[in-house]
Each structure stands twice: as structure tokens, then as C-alpha cells.
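Structure first, then comments.
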């Protein structure tokens, strides 16, 4: 069984097929976006996590840290197991179908088109000076309170979200898909969803969400550093400043408490020449974030549309780079398609 799994994940034939699957996945995301449906696997995953959390809290009682670990241990196999079974089974039975299925499974973990679309919608509303609608729309991208945000604060919130999520929802799933195929993409999606639901520092999740938050940090650590290459290149291709993106990214990427979350924001700040960071109001109070790109002016509505373009370009170049790496690997292993 182990040999079958290894062949399906890392044989030259598997790596070559995966290069095509990654390219198709990004194309599907570009054409159709992230399907919004209660039947979407991520929606099922969210419902499963909610039900599992309630059951585990009853089981573990006050042992919240252990309960959080158990929730991770239960959720990851539920998400990645079916993808692993499909990848291994179809690879050995119907390789062309395996490529198509892997492309769809990876596509369902991506959100580049959805991110870019939401950003453009906020930009359009600000261009129409419809602040109430823009505040409501940007609330779909961020967890902070948006009811009283000014134009520049709305633009800042949107660009910060796009910058952070280009790592979490684009580069990271593609990276893990390149390394482990569709099971890798769904491993990351499971942990990312756990972190988004339980990885808070509130009283309810301070201990229960620790395992999810720390594992998410581990899985995003390498993709966040890959962004230091992908985003500046995408900035150059989109007509922005790649050199400035690289410089600000290197300088300001550690200005958040998380080891990863400031990377995308710093890279976007430099590429677009806008200042990010500062006070953020959440339900539990105001957090004063360090300034990123402090030498730049505050962002405007039009800057969100530029950030959306950068998201799209980053997704395309990341897929091309990872697919090329997989093809080079197959040739080094002595096999070519």
C-alpha cells in the first residue's frame, strides 16, 4: 500500500501529471471562481468542524488544549483522506481521469478570482462614493468592524485582506498541491479552515484554538517565503514596482505577531506604494498594528483594483513556477511526458 501511495504522489509520471493539474486548477479558478454553495466541500468541512467542536468540548471538558489537538486530529483525515483515496486509486486505474479530478480538487481550495472580485466590488463602490455599501462589502473580506470606516480605512482593510489571503488562499494551497497533490491542498485547507474558525485569542478559543493556529503557522511558513519571489515578479508583470515590493516585503514582513501574516501585506504595500497597518477595531476592542510601508500615502479606492490585479497575476505566476518546477523534477528523475 505504501508503494502505491508513493508512486501516486512522487513518481515522475505523477509529478508530470500534477504540473498539468495545477495549471488546470488555476485556469478553472480564473474562469469560474470559488463556487458559493452549501454543497461546496469547504461548506461541508465548516459544518463538520462546528459539530466536532461541540462534541469534543463535551468530551474533554476543561482540557481545552487537548480538545483542540483532538479536533485537528479528527478534521485533517476527514478533509485530506478522500482526496488521497481518489488520487491514489485513479492514478493507478485511469491516469487521465486522475489529472482531471486532481485539477478540480485543487481548484476547490483556491480563491484568487473570488478575492479579486470582492476587491474590485469594493473599489467600484468607493468610486461611486457609496461609503455605506462599501463598508458592508468590505466586511465580507475582513473580521474587523467596518461600520464607521472612512474611504482610506476601507481601502486599507481591503488591500490588507488581499495581501494576507494571496498567501493563505492562493500560494499556500498551490504549494502544498505541488508537493503532495490534491491531498496536500486539502490538508492545508482543513488546517486553514480550522484556524479561521478556532484560531482566535478570545477567551473561548485562547487554548482550544492553539493547535489549529500553530499548525497553520507551520503549513504557511514556506508559502509565505515563496511569496517574496512570486509577488514582486507579479508586480513587475502587472506594471507595478517589483523592486519596491521586494524591499518593503523584506523590511516589514515581521511586523505582525504571526510569523507569516505580514508577508503578503508588506509585499503588496511596496508593490502599490501604499501605507498599511495602524488601529483596527474588532468586537473585543482596538488593536494597534505596526505600520507597513510607513513612508507611503494612505490607500485610495482605486488602489484596491490594483491590488486585485496583483492577486490574479500572482496566482498565474505561482502556478507557472510550480508547474515548471515539477516538470524539471521529472526530467531530473529521468522521465519526460
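The values are calculated or read from the model by the stated rules, or taken from the named source; none is laboratory data. Source: prediction; values computed, not measured. Here the Cβ positions follow ideal geometry from the backbone for every residue, glycine too, while neighbour counts run over all protein chains shown.
What to note about this one:
- Meets criteria (at pLDDT 95 or above, surrounded by fewer than 24 Cβ atoms within 10 Å (Cβ to Cβ), at negative phi and part of a helix (DSSP H, G or I)) for residue 320: yes
- Members of segment 310-337 found to be over 19 Å from residue 107 (Cβ atoms) and within 16 Å of the chain's Cα centre (by Cα), listed by number: 310
- Hits in segment 83-96 (condition: within 16 Å of residue 185 (Cβ to Cβ) and either crowded, with 18+ Cβ neighbours inside 10 Å or in contact (Cβ under 8 Å) with a residue 40 or more places away in the chain (or both)): 83, 84, 86, 87, 88, 90, 91
- Residue in segment 255-268 that is under 23 Å from residue 125 (Cα atoms), in a helix (DSSP H, G or I) and modelled with pLDDT of 95 or more present: yes
- Within segment 1-34, considering residues that are farther than 25 Å from residue 88 by Cβ and part of a loop (DSSP other than H, G, I, E, B), the one modelled with the highest pLDDT: 33
- Count of segment 123-160 residues which are part of a loop (DSSP other than H, G, I, E, B), under 22 Å from residue 264 (Cα atoms), in contact with a helix residue (DSSP H, G or I) (Cβ under 8 Å, 6 or more places away or on another chain) and free of Cβ contacts under 8 Å to residues at least 60 places away in the same chain: 4
- Number of the exception - residue 1 against (1) more than 22 Å from residue 172 (Cα to Cα); (2) surrounded by fewer than 19 Cβ atoms within 10 Å (Cβ to Cβ); (3) touching a residue at least 12 places away in the same chain (Cβ under 8 Å): (3)
- Residue match in segment 72-85 (condition: farther than 25 Å from residue 204 by Cα, outside any helix (DSSP H, G or I) and at pLDDT 95 or above): no
- Only one entry in 37, 62 is over 20 Å from the mean Cα position of the chain (by Cα) and at pLDDT below 95, namely 62.
- Here the condition is being more than 30 Å from residue 280 (Cβ to Cβ) and out of contact with any strand residue (DSSP E or B) (no Cβ under 6 Å at 6 or more places or on another chain); of 123, 87, 114, 150, it holds for 87 alone.
- Residues (in contact with a strand residue (DSSP E or B) (Cβ under 7 Å, 6 or more places away or on another chain) and closer than 19 Å to residue 142 by Cα) located in segment 281-327: 286, 287, 288, 289, 292
- When the test is whether a residue is touching a helix residue (DSSP H, G or I) at 6+ places or on another chain (Cβ under 6 Å) and either closer than 22 Å to residue 261 by Cα or modelled with pLDDT of 95 or more (or both), residue 105 passes it.
- If the condition is being out of contact with any helix residue (DSSP H, G or I) (no Cβ under 6 Å at 6 or more places or on another chain) and either at pLDDT 95 or above or in a loop (DSSP other than H, G, I, E, B) (or both), then segment 193-209 contributes 200, 201, 202, 203, 204, 206.
- Some residue of segment 245-253 being in a loop (DSSP other than H, G, I, E, B), modelled with pLDDT of 95 or more and surrounded by fewer than 21 Cβ atoms within 10 Å (Cβ to Cβ): no
- Qualifying residue in segment 281-302 (condition: modelled with pLDDT of 95 or more, closer than 16 Å to residue 168 by Cβ and touching a helix residue (DSSP H, G or I) at 6+ places or on another chain (Cβ under 7 Å)): no
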